[in-house]
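All of the numbers you see were taken from the coordinates with simple rules; none came from a lab. No experiment lies behind these values; they were computed from the predicted model shown. Positions of Cβ are generated from backbone atoms using ideal geometry, with glycine treated the same way; all protein chains shown enter the neighbour counts.
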């Protein structure tokens with residue numbers, strides 16, 4: 001790599017920084033050999049970086065797993081460990097090799113006007129109720145509660161939609177889950193969803209429990225309910241992160257300064273364990289943080305196993321009772 005000598009200038013002018021920051025970020029990533037995958041005219045991604053997206057229209061990038069982002073200067077800092085000064089020098093020194101970002105104003109304006117919009121509603125809730133209650137074993141009372149609060153509905157593709165609101169009750173996010181039981185069933189988010197505002201049940205005390213998916217949150221509530229322990233968590237805040245990134249957690253803590261305790265209910269797998277360790281490390285200085293023990297991969301797997309065990313226990317008891325009745329009848333006949 002070639003750098004300008006330290007004696008070239010003691011500091012950068014505003015024009016120099018702007019010139020460096022106007023390096024075409026997509027072209028920069030390609031030229032430096034990053035594992036770039038082009039998605040469409042607006043977006044690209046750098047693979048193997050925990051979900052690093054490149055916004056080609058705004059000439060910006062964002063890494064979901066690291067919750068970090070910026071422009072070309074910050075990309076060199078993030079990807080290659082440059083200092084800010086080194087990154088600016090590199091971009092100025094190489095400006096003849098990299099294309100300059102030149103936004104097309106009408107396209108950018110159209111892109112920036114794209115607003116979040118909830119998926120169209122279906123005229124029924126039967127597929128959502130069947131999927132959540134029968135397949136996922138969520139308690140019917142809990143499903144009804146979230147439907148009544150406009151946190152869950154069925155879209156025109158017969159999928160579950162889990163809605164997230166900001167602190168002013170404005171809809172900002174929607175997680176979508178197909179009601180199909182196929183292994184490749186659709187899971188995703190509505191276009192332009194803001195991941196800072198996840199699917200949540202707001203509480204009134206100082207405890208926040210976080211999960212990855214909305215169904216985990218509903219399963220957690222159901223487990224307490226079917227064991228008669230729902231009073232223990234009735235005032236707790238519950239939040240789905242929509243994955244393992246802590247962006248929604250940061251926003252929720254900002255909006256709810258009363259919270260002092262964070263309970264982590266992320267999945268019991270590689271990604272969930274890693275994210276849990278990172279959250280414990282980052283937040284323990286300001287909050288009481290604890291990891292919840294999960295029997296299985298996640299709360300829904302735990303719930304289904306628990307329900308099936310209860311059913312099996314009842315079946316065994318019924319068989320034992322029937323056997324006892326049959327034995328008593330046989331004794332009467334012998335007498």
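Summary table
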{"item": "Largest-first principal axis extents of the Cα set of region 48-91 (Å)", "result": "27, 22, 15"}
{"item": "q = 0.13, 0.24 Å⁻¹, region 186-241: log10 I(q)/I(0) [Debye, one scatterer per Cα]", "result": "-0.36, -0.96"}
{"item": "Segment residue 258-residue 12, extension gain: residue separation times 0.36 nm, minus the distance between their alpha carbons", "result": "84.2 nm"}
{"item": "Sequence ranges 66-74, 222-230, 158-166, ranked by mean other-Cβ count within 10 angstrom, highest first", "result": "158-166, 66-74, 222-230"}
{"item": "Normalised contact order of region 111-183, rounded percent, pairs of Cα under 8 Å and 6 or more residues apart", "result": "29 percent"}
{"item": "Separation of alpha-carbon centers, region 164-238 and region 18-49, rounded to whole Å", "result": "34 Å"}
{"item": "Antiparallel bridges, percent of DSSP beta bridges restricted to region 126-301 (to nearest 5)", "result": "55 percent"}
{"item": "Computed over region 126-301: relative contact order in percent, which uses C-alpha pairs under 8 Å that are six or more apart", "result": "18 percent"}
{"item": "Where N is the number of residues in region 144-274, Cα Rg divided by 2.2 N^0.38 Å", "result": "1.03"}
